[in-house]
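A short write-up of the structure that comes next.
Every number here is computed from the coordinates shown, using simple stated rules; none is lab data. In this text, all values refer to a predicted model and were calculated from it rather than measured experimentally. Using ideal geometry, Cβ is built from the backbone for each residue, glycine included, and neighbour counts are taken over all protein chains shown.
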Amino acid sequence: MVGMRSQARPFEGRIAIVTGGGTGVGAAIALALASQGAALHLIGRRPQPLEAIASKARKMGVAAAFHCAELSVPAGQIELMQRLEQNIPQLDLLIQSAAAHSIGTIEQGNPAELDILYQTNVRAPYLLTQTLLSRLKARQGQIVFINSSSGIAATPMSAQYGATKHALKAIADSLRGEVNQYGVRVLSVYLGRTATEMQKSIHIKEDKPYRPELLLQPADVASVVVNALLLPRTAEVTDVHIRPMIKS
């Protein structure tokens, strides 16, 4: 660890917030940022996986804390925003990876599920961005929205989820035009099927065998995101589409 600290790392002294940071893509990005020297604030619902990722990050020689929050309800969102405002005076990287998912036809869809998806996939990232934007502008920070292929083209049985992901794309696109002048970069990442807990549950609902080795890997996504964040400030990657190499 001493040797690791003595080496210059590109995100040394930078602070990153990662939502959905306890599992899947969020966890992979968090650890990739930590390996490059970024201190972490992880956000998620369950303390055990958050602490597990934070512990791995600390072994890389960076500070890491976590914040449990329920992003699917306004009260949970507001409590989190207040906590972050009190505990994070500066911010360089905001990675928005938390998401909820549902499958079903419009005819049989449950409006209560749509409300949960809206709160988690749209309102929470919007509010988090709004709350922390002044800190990001002050540091010429970067924002990453982990989106989905459903945010580009909605498919049957995914109207509720696709609608929220289209909305997240709109937030990112509008935000980029507002904050580029302050040196803030905004990246949207549109993922195909990725080997995560969410994707496993989707396969079960679709009554399909789950073969994670055939899917996009969280570490693949993390590598692309970190490389985009490390680009010189003469360039900005705005949209990245990543798909599994093996089509199943």
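Mean projection of the Cα convex hull over all viewing directions, computed for the chain: 13.4 nm².
Dividing the C-alpha radius of gyration of the stretch 108-192 by 2.2 N^0.38 Å, with N its residue count, gives 1.17. Summed over qualifying helices (DSSP H, 4 residues or more, each -39500 (n - 2.57)) and divided by its residue number, the chain shows a 222 nm mean residue ellipticity of -13500 deg cm²/dmol. GNM on the chain, C-alpha springs below 10 Å: top fluctuator among Gln160, Gln142, Gln108? Among Gln160, Gln142, Gln108, the largest mean-square fluctuation in the Gaussian network model of the chain belongs to Gln108. Inter-part distance, the stretch 11-50 to the stretch 88-104, computed on C-alpha centroids, equals 11 Å.
Can you give the log10 of the normalised intensity I(q)/I(0) at q = 0.17, 0.19 Å⁻¹, computed with Debye over equal Cα scatterers of the stretch 157-210? Treating every Cα as an identical point scatterer, log10 I(q)/I(0) equals -0.69, -0.78.
Span-like helix check, the chain: qualifying full DSSP H segments, with Cα axial length of 15 Å or more and mean Kyte-Doolittle of 1.0 or more, are 24-35, 218-229. When only Cα pairs below 8 angstrom with a gap of at least 6 residues are kept, the stretch 105-223 shows a relative contact order of 26 percent. Between Lys59 and Met245, the distance separating the two model label sites (each 7 Å from Cα on the Cα→Cβ line) works out to 2.7 nm. Go through Lys137/Lys200; Lys137/Lys165; Lys165/Lys208 and tell me which ones have a Cα-Cα distance over 32 Å in this structure. Over 32 Å apart, Cα to Cα: Lys137/Lys200. GNM remark for the chain: springs join alpha carbons under 10 Å apart, and the peak mean-square fluctuation among Val144, Val189, Val179 falls on Val179.
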